[in-house]
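The values are calculated or read from the model by the stated rules, or taken from the named source; none is laboratory data. What you see is a predicted model; the values in this text were computed from it and never measured. Cβ placement follows ideal geometry from the backbone for every residue including glycine, while neighbour counts extend to all protein chains displayed.
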Amino acid sequence: MASAHKVGIIGGDGIGPSVIAEGLKVIKAAGVELETVDYDLGGARYLNDGVVLPDEVLDEWRGLDALYLGAVGTPEVPPGLIERGLLLKMRFALDLYINRRPFVYEGDDTRGPHEFIVIRENTEGTYAGEGGFLRKETPAEIATQGSVNTRHGVERCIRYAFELAQSRPRKHLTLVHKTNVLTFSGSLWERTFNEVAAEFSDVETNYNHVDAACIYFVQSPEQYDVIVTDNLFGDILTDLGGAVSGGIGFASSANLNPEGVSMFEPVHGSAPDIAGQNKANPTAAVLSGAMMLDHLGETDAADRIRAAAADTESLVGSTTEVGDLLASRVS
């Protein structure tokens with residue numbers, strides 16, 4: 001009998017632990033055995049003893065098969081401290097260079113349902129931390145915030161997106177950037193995209209400025225199959241994608257290192273206002289768990305979980321009730 005997949009569990013803050021509990025319930029019902037290792041990290045842990053993400057924990061994670069994270073952040077912790085000290089540190093240290101977010105647009109009277117995927121570069125751009133202050137807290141203060149884009153980082157993200165598009169029936173990939181204004185980073189992205197495209201002659205390509213893409217996400221999302229974009233634009237577009245595809249309660253994500261350990265999380269945040277009230281929709285966490293199963297090679301169970309969650313209108317009730325319903329559908 002195959003050994004269980006070893007997965008690190010970071011329930012985190014707010015609704016995080018409760019939605020991850022439902023995700024694990026559904027995974028177990030789907031017949032997948034996990035060996036879980038729990039990690040107490042997030043805003044509450046920081047308030048308790050000042051710990052955010054120790055290096056020794058990162059070393060442990062490198063020996064796991066995957067990480068499953070609920071949400072982190074509490075109102076009592078200064079904004080950005082946990083995001084930079086835990087989430088960004090995790091991305092950079094584990095080289096989680098692909099952020100993959102699928103979206104299902106339910107359609108309307110004139111258009112049927114449509115599924116598309118955004119691939120976001122996850123370790124460079126404006127989130128790399130390049131910049132600083134001059135004359136801080138004076139009337140002459142200057143703040144600079146650079147965008148770091150390397151050929152290596154851009155190409156591996158674009159190549160992943162082309163390979164994904166090639167594996168899908170439509171075989172279509174759209175680059176989203178702002179090349180008319182961001183002439184340096186945009187040029188690197190566009191030139192790299194076009195050079196890699198020459199190796200994928202069966203993949204149709206397109207380009208959108210990011211502001212146009214925001215319009216198309218709302219007006220005509222069916223034009224998209226796979227999208228590839230940089231870190232900042234991807235962060236904004238994927239939140240918009242969640243809004244037009246049923247809400248962030250259904251938005252799952254994967255932070256991938258295809259050659260190493262990867263992390264899977266819902267994108268809705270810790271929602272402290274409803275923590276402990278059994279009100280949070282766990283579907284995003286469940287679908288993130290399905291993405292984790294794909295990564296672990298458990299594709300049959302992952303497909304059954306996605307099928308169980310496809311009828312979003314039926315997924316109403318308390319956190320545990322929705323989890324029980326999904327578990328009953330996959331068992």
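Quick look at the values:
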{"item": "Test: residue in region 143-156 that is of a type outside the set (A, V, I, L, M, F, W, C) and under 18 Å from the mean Cα position of the chain (by Cα)", "result": "yes"}
{"item": "Criterion (outside the structural domain of Tyr68 (by TED's automatic domain parsing), crowded, with 17+ Cβ neighbours inside 10 Å and hydrophobic (A, V, I, L, M, F, W, C)) met by exactly one of Phe264, Phe233", "result": "Phe233"}
{"item": "Helices (runs of 4 or more DSSP H) completely within region 171-245 that count 2 or more residues being of a type outside the set (A, V, I, L, M, F, W, C) and at pLDDT below 95", "result": "231-244"}
{"item": "Sole exception among (1) in contact with a Phe, Trp or Tyr (Cβ under 7 Å, 6 or more places away or on another chain); (2) not in a strand (DSSP E or B) for Glu155, by number", "result": "(1)"}
{"item": "Some residue of region 27-44 being in contact with a Leu (Cβ under 9 Å, 6 or more places away or on another chain), under 30 Å from Asn149 (Cα atoms) and surrounded by fewer than 15 Cβ atoms within 10 Å (Cβ to Cβ)", "result": "no"}
{"item": "Qualifying residue in region 97-117 (condition: hydrophobic (A, V, I, L, M, F, W, C) and surrounded by fewer than 17 Cβ atoms within 10 Å (Cβ to Cβ))", "result": "no"}
{"item": "Among residues of region 65-87, those that are hydrophobic (A, V, I, L, M, F, W, C), surrounded by fewer than 20 Cβ atoms within 10 Å (Cβ to Cβ) and either in contact (Cβ under 8 Å) with a residue 40 or more places away in the chain or not assigned by TED's automatic domain parsing to the domain that holds Tyr46 (or both), counted", "result": "0"}
{"item": "Meets criteria (touching a helix residue (DSSP H, G or I) at 6+ places or on another chain (Cβ under 6 Å) and at pLDDT 95 or above) for Ile98", "result": "yes"}
{"item": "Extreme residue, modelled with the lowest pLDDT, among residues of region 280-319 that are farther than 30 Å from Pro258 by Cβ and either touching a Ser or Thr at 6+ places or on another chain (Cβ under 8 Å) or in the same structural domain as Glu115 (by TED's automatic domain parsing) (or both)", "result": "Leu315"}
{"item": "Residue list for region 19-39, restricted to those being in contact with a strand residue (DSSP E or B) (Cβ under 8 Å, 6 or more places away or on another chain) and either modelled with pLDDT under 95 or of a type outside the set (A, V, I, L, M, F, W, C) (or both)", "result": "Gly23, Lys28, Glu33, Glu35, Thr36, Asp38, Tyr39"}
{"item": "Among the residues listed as Glu56, Glu22, the single one being acidic (Asp, Glu) and either outside the structural domain of Val261 (by TED's automatic domain parsing) or surrounded by fewer than 19 Cβ atoms within 10 Å (Cβ to Cβ) (or both)", "result": "Glu56"}
